[in-house]
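Notes follow once the structure below has been shown.
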Amino acid sequence: MAAALVLAAACSSGRSSGPESPTTTASHSGLSSESSSGPVPTTTVCVHHPTARVRDSYYGLPGPGGRSIAFGASRQLPVDTGGPNGTSLFRRGPAGTVILIGGGPGGQVVYRGSGDFDGDGRSDLLIDTVPDYRTYIVPGTLAPGTYDPAVVGTSVPHPRDEGSPDTGAFPAVVGDQNHDGADDISVGTSLYSGRQVMAHHGDTKPVRPFRILSASYAGLLQIDPADAPPSFVVPEVSDDVTASFDRVDVLDRRSDRLVLDGITQADRDLFAQGYGAASGALVGGHYIVDFGYSTRSGATTWRFDLDAPCAAEQGR
C-alpha cells in the first residue's frame, strides 16, 4: 500500500512574547465552568504545523521513541476478569482478592480505570456494570471478599437524556482537574469531581459537572509538570460552537494549537464520528504529539513537536 510521508519545518518564530513572535490570539480555554461568569478571556496560543504526516499508510509513522506521556499509562492496577464471559472483576492485593460481580442475570463488571477519588491515598476502581449501564466508584478500602458494585460502590452521574452529546460515552479517570487533591472523572465532555461524587454516597441528589469541555476529547496527555493535571486534546470549536477539526487544541498551560495541514473532507467526517485519537511521547526533552486515525485503508497521522518555535497560523 502506497504511503506518502511529508516532512515540514515549522516557521521559526520562537515562544517569546516579544514583538517578533507571530503568534495568533484566540479564545483557547476550551472549557466552560458553571461557577464562572463573564466572557472567556482572550489568550495567546502557540500554533504548530506538522513536522511529519502520513496518509493511508499500512505502517503509519515510525514510533517517536522516548517515554509515553499518555495519562494513565503507569496507573493501571492488577485487575483482571473471570467467570463466564468475563462477568466478574478481580483486584488482587497483598491482603487478598476483591471480587466484583454483576448483579442479576447476565450481569457483567467492566473496568474503566483507577484513581484516588476521595484523596485518602488509596486507589479506587472506576467500573461500569452491564446490562444496566451504571457507573460506580468502588473504594480501595474494601477488605478481600465478593461484592456487588451497586451495594458497595458510589454511583457516578451519567448523562442519559436523548440528544445529549455525552449519551453513550464511557467514563474515564482524568486526574485532578479541579486541584482539590483527588482524581476526577469524565463522561464525554462532562467533568465530575471525584471527591464530590464520593461524598454523595447514598445521596439521591445529583452531582453536577464542575466543567464542560467544548468538545469530546481525543486524548489526555501529561505535558505540564507532574503536579499539574493532564491536558485534554480537543478539536478547535468555532464561534458557532461547532468543531472544525482543521485545528486541534492542546489545553495545556502553553495553549498549543495543532494545524492539520492537508486535511480533507473525508478526514473531517471521520473525526466527527469519533475516529480521531491523540498520543504523545517525551523525546530528548521535546513533547511530541501524534493526532490521527486508522481505517482499513491504513493510518493517517499528523505529528507535532510542541517544543518547536511557534509558527504563524495561515488563513486566519
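Output yes when any residue across the range 230-253 is surrounded by fewer than 20 Cβ atoms within 10 Å (Cβ to Cβ), touching a residue at least 40 places away in the same chain (Cβ under 8 Å) and part of a loop (DSSP other than H, G, I, E, B), and no when none is. Checked the range 230-253: no residue is surrounded by fewer than 20 Cβ atoms within 10 Å (Cβ to Cβ), touching a residue at least 40 places away in the same chain (Cβ under 8 Å) and part of a loop (DSSP other than H, G, I, E, B). On the given criteria, is VAL174 of a type outside the set (Lys, Arg), crowded, with 17+ Cβ neighbours inside 10 Å, closer than 30 Å to ILE288 by Cα and at pLDDT 95 or above? When the stated conditions are applied, VAL174 passes them. When residues in the range 100-126 are screened for being part of a loop (DSSP other than H, G, I, E, B), of a type outside the set (Gly, Ala, Ser) and within 27 Å of ASN178 (Cβ to Cβ), 5 of them pass.
Comparison of THR141, THR97, THR135, THR129 shows that the only residue that is among the β-branched types (Val, Ile, Thr), assigned by TED's automatic domain parsing to the domain that holds MET198 and part of a loop (DSSP other than H, G, I, E, B) is THR141. Residues of the range 103-161 that are closer than 15 Å to TYR192 by Cβ and among the polar types (S, T, N, Q): THR135, THR154, SER155. Scanning the range 180-193 for residues that are within 14 Å of ASP116 (Cβ to Cβ) and not in a strand (DSSP E or B) gives ASP180, GLY181, ALA182, ASP183, SER193. Quick check: anything in the range 221-232 among the polar types (S, T, N, Q), assigned by TED's automatic domain parsing to the domain that holds GLY115 and within 29 Å of GLY115 (Cα to Cα)? Taking every residue of the range 221-232 in turn, none turns out to be among the polar types (S, T, N, Q), assigned by TED's automatic domain parsing to the domain that holds GLY115 and within 29 Å of GLY115 (Cα to Cα).
Of the residues VAL110, VAL156, VAL138, VAL197, which single one is farther than 25 Å from THR81 by Cα, of a type in the set (A, V, I, L, M, F, W, C) and within 22 Å of the chain's Cα centre (by Cα)? Going through VAL110, VAL156, VAL138, VAL197 in turn, just one is farther than 25 Å from THR81 by Cα, of a type in the set (A, V, I, L, M, F, W, C) and within 22 Å of the chain's Cα centre (by Cα): VAL197.
Which condition number in (1) more than 20 Å from the chain's Cα centre (by Cα); (2) surrounded by fewer than 18 Cβ atoms within 10 Å (Cβ to Cβ); (3) over 28 Å from ALA226 (Cα atoms) is the one that ALA299 fails? Single failed check for ALA299: (2).
Kindly establish whether ASP227 is of a type in the set (D, E, K, R), at pLDDT below 90 and either surrounded by 13 or more Cβ atoms within 10 Å (Cβ to Cβ) or farther than 23 Å from GLY276 by Cβ (or both).
Yes, satisfied.
The values are calculated or read from the model by the stated rules, or taken from the named source; none is laboratory data. Because the structure is a prediction, the values reported are computed rather than measured. Positions of Cβ are generated from backbone atoms using ideal geometry, with glycine treated the same way; all protein chains shown enter the neighbour counts.
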